[in-house]
Every structure is written in structure tokens, then in C-alpha cells.
Amino acid sequence: MLGTGTLKPSPKRYGSGVLLDIGGLKLLLDCGPSVVQKLYSAGIDATELDAVFLSHFHVDHTSDLPDLISSYAADRLGNPRKPERPLMLIGPPGLVDFLENLIDRNPYYSYVGEWNRMLKLVEPVEIGDSEGLKIKDVVLRFTEVDHPNGYAIRVNVGDLSVTYSGDTAPTESLVGLASGTDLLIHECTFPSEALMGKHSSEKGLAEVASKAAPRTLVVTHLSPAWAGREHEIVDALRVSYRGRVVIAYDLLEVRVV
Ligand SMILES: [Zn+2]
Ligand SMILES: [Zn+2]
């Protein structure tokens, strides 16, 4: 028998977006569906970001980018004396072409492209494997992963670090980048029996986690197939990984100290 008292609502998980507030820097990792609205819901002004990293170009990681750029334009147009501070947009090789297709060559979005050029809103930075970047005291490193155009990022400030996999099948390049990191945010899209494409299951994730040995593992990018059986991920991880495990959901906040 079904009754409201017997069912626990599943946590909401929609689109990809992780905000790192680290070393005085606000860095958004991916900009998927509803990320701009969720930032505002969390009390964060989306136009105060310092940089955005796109792990790859799939729609669940990039679809809110036109909205984000429009928000910057509206903010700047409404505050003409606001100091010019372009948003650094970091992404895989092909980022400039992706951005041009999204907002310049699309006749219905080209006004966003015009705002972008006129107001110098976004500064695209294409990364390559093993290249790094420094913003203030924060060091960013990247590695190519096993997913179309996919890159992972490691963010270091002082002796604190966070690593984000983006989408990927289990890969040694990610293990190398994440080795000994304080916090690893890693995808686990499908249960092993339903694994499709270049993604990770609980078994692959357990292998990566035991090798990289982060202090804390945040498991993210869960497909609806996981609803109600997330504990199976923890069970699979516990065979070989002893660190703290957090299963992510929308608006989850994790402190790294
Ligand atoms: Zn993808
Ligand atoms: Zn994805």
C-alpha cells in the first residue's frame, strides 16, 4: 500500500554545476540546466563569479551558459559605472568555436553575442592537457579524461585541494590528477548493470577512489536509475575505500578544511 507516510521523497538532482568558494575565489565548475537559478536560490549572485570551468560541451554541463552571459549583460547594462571585470571561461580545446556557435552564429541568440562583444563579458581560455593556470593564489591543473572533449580539473590553494572529474569512464589520468586530494567530486552516472557510454559505475568509481585515496569523496552526476538505491554506491566503495563518502544532491554544501 502506498501512503505519504511510507514514501521518502528522492533528493533532487538536476543538471551539473558545482560552486567552489576557495581562497577568496568563486569558481563555478560546469553550467548545466538551472545552475543560474540555483545559485540565486543559494544566495549567491551569479554575476559575482570569478571564473567558470566547462568540463566538456554536453548540454547537461553547458545549457545555462547563455543565461549566465545574459545575466552579466543585464547587470552591466543596469550598472554602467560598474567596473569592467570579464568572466574567465575556461574549457577544452574548441571552447571558442563552441561559444561562437552558441551565441554568435545562432540567429536567435546573436544579441547575446553582441552584448558579449560590446561589454567584454566573457574571456574564453582554452586548456590543453598538462597545462595549468593561476588565479590569485589558486592554482588550476587539468587532465584529459575518457569522455568526448572531457577534462578534469584540480584546484589547489595552499595545502588544500579539490578535484572534479566532469564526466568520464574510470581512467588513470584522473587517478593521477586526484592523487591524495582533499576532496574528489566524481561522477557515477549509471549502476554497473545499466552502464552506457563513457561514464562510471559504482564498481569503476570504487577502483578510482581506492587508487586516488581522497580524504572525502563526493559522488555526483547520478542518473534517475540510482533513485532509492544510492546506498549500493556506498556499499561498493566500502570494499576498498575508507575515506568519507557523500552522495550529492542539489544545493548540497560540503566544507573542506
Ligand atoms: Zn557528458
Ligand atoms: Zn554529463
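Numbers below:
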item	result
Part-to-part distance (alpha-carbon centres) for the range 137-207 and the range 91-107, which is given in Å	25
Net charge over other residues, Cβ less than 13 angstrom from the Cβ of P214 (K, R count +1; D, E count -1)	+4
Rg/Rg_ref, the range 206-253, where Rg_ref = 2.2 N^0.38 Å and atoms are Cα	1.13
Relative contact order %, the chain, counting alpha carbon pairs below 8 Å whose residues are six or more apart	14
For S200, distant residues with modelled amide H under 5 Å away	T168, T189, F190
Fraction of antiparallel bridges per DSSP, the chain only, in percent to nearest 5	50
Rh by Kirkwood over Cα pairs, then Stokes-Einstein D for the range 74-223 at 0.692 mPa s and 37 °C, µm²/s	190
Estimated inter-spin distance, E131 and N106, nm [label 7 Å along Cα→Cβ]	2.5
Under the Debye formula (equal points on every Cα, no solvent term), log10 I(q)/I(0) of the range 169-235 at q = 0.14, 0.16, 0.29 Å⁻¹	-0.37, -0.48, -1.36
Within the accessible area of the chain (1.4 Å probe), percent carbon and sulfur	54
Proximal charge balance of P148 [Cβ under 9 Å; K/R count +1, D/E count -1]	0
Long-range lysine pairs (8 or more apart or interchain), the chain, Cα under 16 Å	6
Shape parameters for the range 151-201, alpha-carbon atoms, Rg then Dmax in Å	12.0, 41
Radius of gyration and Dmax over the Cα atoms of the range 104-173, both given in Å	16.0, 47
Base-10 log of normalised Debye intensity for the range 1-110 (one unit scatterer per alpha-carbon) at q = 0.15, 0.17, 0.23 Å⁻¹	-0.69, -0.85, -1.42
Simple label model, 7 Å out from Cα along Cβ direction - L77 to V59, nm	2.6
√(5λ) per eigenvalue of the Cα gyration tensor, the chain, largest first, Å	31, 21, 18
Residues of the range 128-220: accessible area per residue with a 1.4 Å probe, Å²	38
Extended-chain gain in nm, criterion 0.36 nm per residue less alpha-carbon gap, Y249 and R117	43.9 nm
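The values are calculated or read from the model by the stated rules, or taken from the named source; none is laboratory data. As the structure is a computational prediction, the values presented were derived from the model and not from experiment. Don't worry about glycine lacking a Cβ; one is built from the backbone with ideal geometry, like all the others, and counts go over all protein chains shown. These accessible areas exclude ligands, DNA and RNA; they are computed on the full protein's heavy atoms, side chains included. Shrake-Rupley method; radii C 1.70, N 1.55, O 1.52, S 1.80 Å.
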